[in-house]
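Okay, structure first, notes after.
The values are calculated or read from the model by the stated rules, or taken from the named source; none is laboratory data. Keep in mind that this is a model prediction, so the values were computed, not measured. Reconstructed Cβ throughout: ideal geometry from the backbone, glycine too, with neighbour counts over all protein chains shown.
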Amino acid sequence: MCGIVGYVGAKEKKEILLEGLSELEYRGYDSAGIAVIENDKLTSFKAVGKLKNLQEKTKNYTSSGFGVSIGHTRWATHGKPTELNAHPHLGKYSFVVHNGIIENYQEIKKGLQKNGVNFLSQTDTETIVHLFEQNYPKEQKAFEAFEDTIKTLEGAYAVLLISEVAPDTIFFAKSGSPLLIGFDNEEIYFASSDTPIIGKAKEVYYLEDGEYGYVKEGKVILFDKGGEKSFQTKALTLDKISAQKDGYRFFMEKEIYEQSRVMSETMMGRLKDECIDFEEIDEAFLEGIENIKICACGTSYHSALASSYLFERLAKIPCSVEIASEFRYKEPLLSKNTLFIVISQSGETADTLEALKMAKKGGLKTLAICNVDNSSIVRTSDRSILTRAGIEKGVASTKAFATQTMVLWMLSLFIGRIKGTTDAKIAKSEKDAMLHIPKALLIPDGLHEKIHRLSKRYLHGHGFFYIGRDIFYPLALEGALKLKEISYLHAEGYPAGEMKHGPIALADSKLFTIALMPRSLHYEKIKSNVEELSARDSTILAISPCAFDLADDFILTQHDSHPMIEFFEMMIITQLLALEISVRLGNDVDMPRNLAKSVTVE
Ligand code: F6R
């Protein structure tokens, strides 16, 4: 989703901004822009589409010498992805970039229009720069004008503003959307996550909600509602965790193949000979916990849903799961004996972060399962367990889902052990199964090629139903989501036993059923459900270790000893199927239309 970079100093600013924005590219965007003030002169460039269009437009521009600069990649929320709607937004003498949503922008806009302000874009962001310029003439004090502006805004924002009236200054503010400041002596950087500044800044400060201020002469002056405040920076990692495709066609493909290896990393040091241990959590933290509530969005929600079966079955602890955007507004009843778990690959998902804050406010113990250290969700929760998937660049999440599910499976056994509710024999057989997971995730010779060949039959039709039972139902949801995201075909995940209660009415030869048929969990039940669909002429692709005559297409799986081993093996097959269908349809696999990797708006 939208990305922000900023820089104050004497280096070539265009390069710093474009490099920084390219580090944020994988998060998804549809236009980009930069603005620079040097020698008291404002310059800006914007372009729709990929960053290379902006690079092309700026190729004859250089900006050496001291100056201030801001850049942005935009994922459209208010108004189409056009050049006018791209950031930075210009007033008469100032530029602003913004992530988040200004909820009261209509009201502010009306007031400004009454005063004769002309708006060029359809965005909420443009109100910020006009409001600043309306406030400035009152006292001719730029910071006070910025402070008044920020105090008027409602909603979520990370904002950088530069102005010809203070040509050596960047004004900044954060509430709800991530923003950080990087330091390398007198050089100051801004970014919406740390990747753009790794290798440039040595120290970092992650702004808290409600903080704002300005940078001038190599110094950051920070405020919150209590007035000016001091702050502590911390060392920024020096390793650039950049990801390359390593010979694969797409990041998503590479990430699918990486899953075997990263799952070993997820288990490392946690899966011990005698038990499962998480150094991030101690017994005291779980004291008084009688149930679990998990909140997440999208793929992370599917992982949560799968784990709810495991928490109840293996740890014997009641577990409920909620979509974060629903949870936020349902006026939930929270009780202090609930462990509140949030799951997020990026650690920046606005809905999940807000749900977490609500739980904290309600006095619940909170735990984040996350892939990004230092992310907003990790910093906000009481405890966090990192999934160790490594950077995930494909917008369609694959290895993040696998590692989240692995952590949650381990966590169910860990909690069951601490609470004394998991039978030792069961714990041992689950642990043995875990050790098989890296092997089950190796893609056998010929499987990918088979899925590639098979995929040509699944490019049309009037829809897909992915069906499964028990933990294979969340996997069906996830398989359908993967297909939707990158093929743009309509797909639904459904509990297999529920089809006859309505959706079976859709069954005909053009309805594709992807049937997840594990041997180790309710095989006979799912088999009957698939037979019901076959009898109504639905085209069936069965994924199973057991031969199934009624399938039109069949993918034979290798492992059948344990439901979770079958789960992960089938997960890979559904991921490869989505990938191959998307490739055949000529879509952008890694950056599918309309999607963002880090969803920082609600
Ligand atoms: C799907 C996908 C999204 C995310 C969702 C939550 O492939 O990536 O559905 O899972 O936006 O994101 P995180 O996990 O970063 O909170």
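Against the definition (assigned by TED's automatic domain parsing to the domain that holds Gly182, touching a strand residue (DSSP E or B) at 6+ places or on another chain (Cβ under 6 Å), of a type in the set (D, E, K, R) and not in a loop (DSSP other than H, G, I, E, B)), how does Lys109 come out, yes or no?
On the way: assigned by TED's automatic domain parsing to the domain that holds Gly182: yes; touching a strand residue (DSSP E or B) at 6+ places or on another chain (Cβ under 6 Å): no; of a type in the set (D, E, K, R): yes; not in a loop (DSSP other than H, G, I, E, B): yes.
The answer is no for Lys109.
Restricting attention to the range 479-494 and to residues that are out of contact with any helix residue (DSSP H, G or I) (no Cβ under 7 Å at 6 or more places or on another chain) and assigned to a helix (DSSP H, G or I), the residue that is nearest to the ligand (Cβ to nearest atom) turns out to be Glu485. Being under 23 Å from Met252 (Cβ atoms), in the same structural domain as Lys200 (by TED's automatic domain parsing) and assigned to a helix (DSSP H, G or I) holds for only one residue in Glu19, Glu25, and it is Glu25.
The condition (being within 24 Å of Leu408 (Cβ to Cβ), of a type in the set (Asp, Glu) and not in a helix (DSSP H, G or I)) is satisfied by just one residue among Asp588, Asp560: Asp560.
Please go through the range 302-337 and give me each residue that is in contact with a Pro (Cβ under 9 Å, 6 or more places away or on another chain) and either over 23 Å from Met434 (Cβ atoms) or outside the structural domain of Met358 (by TED's automatic domain parsing) (or both), ordered by number. Glu322 - this is the single residue of the range 302-337 that is in contact with a Pro (Cβ under 9 Å, 6 or more places away or on another chain) and either over 23 Å from Met434 (Cβ atoms) or outside the structural domain of Met358 (by TED's automatic domain parsing) (or both). Taking the listed residues Leu286, Leu222, the one that is over 24 Å from the mean Cα position of the chain (by Cα), at pLDDT 95 or above and outside the structural domain of Tyr157 (by TED's automatic domain parsing) is Leu286, with no other qualifying.
Identify, from the list Ala476, Ala427, the residue that is in contact with a Cys (Cβ under 9 Å, 6 or more places away or on another chain) and farther than 22 Å from Val262 by Cα.
Working: Ala476 fails: in contact with a Cys (Cβ under 9 Å, 6 or more places away or on another chain).
Only one candidate passes the filter, namely Ala427.
Annotation note: of Phe119, Phe95, Phe143, the sole residue that is crowded, with 22+ Cβ neighbours inside 10 Å and of a type in the set (A, V, I, L, M, F, W, C) is Phe95.
Given Arg519, Arg453, Arg457, which one is part of a loop (DSSP other than H, G, I, E, B), outside the structural domain of Tyr301 (by TED's automatic domain parsing), out of contact with any Gly (no Cβ under 8 Å at 6 or more places or on another chain) and among the basic types (Lys, Arg)? Even if it seems obvious, please write down each step before you answer.
Details: Arg453 fails: part of a loop (DSSP other than H, G, I, E, B); Arg457 fails: part of a loop (DSSP other than H, G, I, E, B).
Answer to the selection: Arg519.
Selection of the range 315-346 for residues being modelled with pLDDT of 95 or more, within 16 Å of the ligand (Cβ to nearest atom) and part of a loop (DSSP other than H, G, I, E, B) yields only Gln345. Just one of the listed residues (Ile540, Ile514, Ile504) is surrounded by fewer than 20 Cβ atoms within 10 Å (Cβ to Cβ) and hydrophobic (A, V, I, L, M, F, W, C), namely Ile504.
When residues of the range 371-416 are filtered for being in a loop (DSSP other than H, G, I, E, B), more than 23 Å from Thr233 (Cβ to Cβ) and within 13 Å of the ligand (Cβ to nearest atom), how many remain? Before you say what the answer is, go through the steps one by one.
So in the range 371-416, the residues in a loop (DSSP other than H, G, I, E, B) come out as 371-375, 381-382, 387-398.
Next, from what is left, pick out any that are more than 23 Å from Thr233 (Cβ to Cβ): 371, 382, 387-398.
Filter once more, keeping what is within 13 Å of the ligand (Cβ to nearest atom): 371, 387, 389, 391-398.
The total comes to 11.
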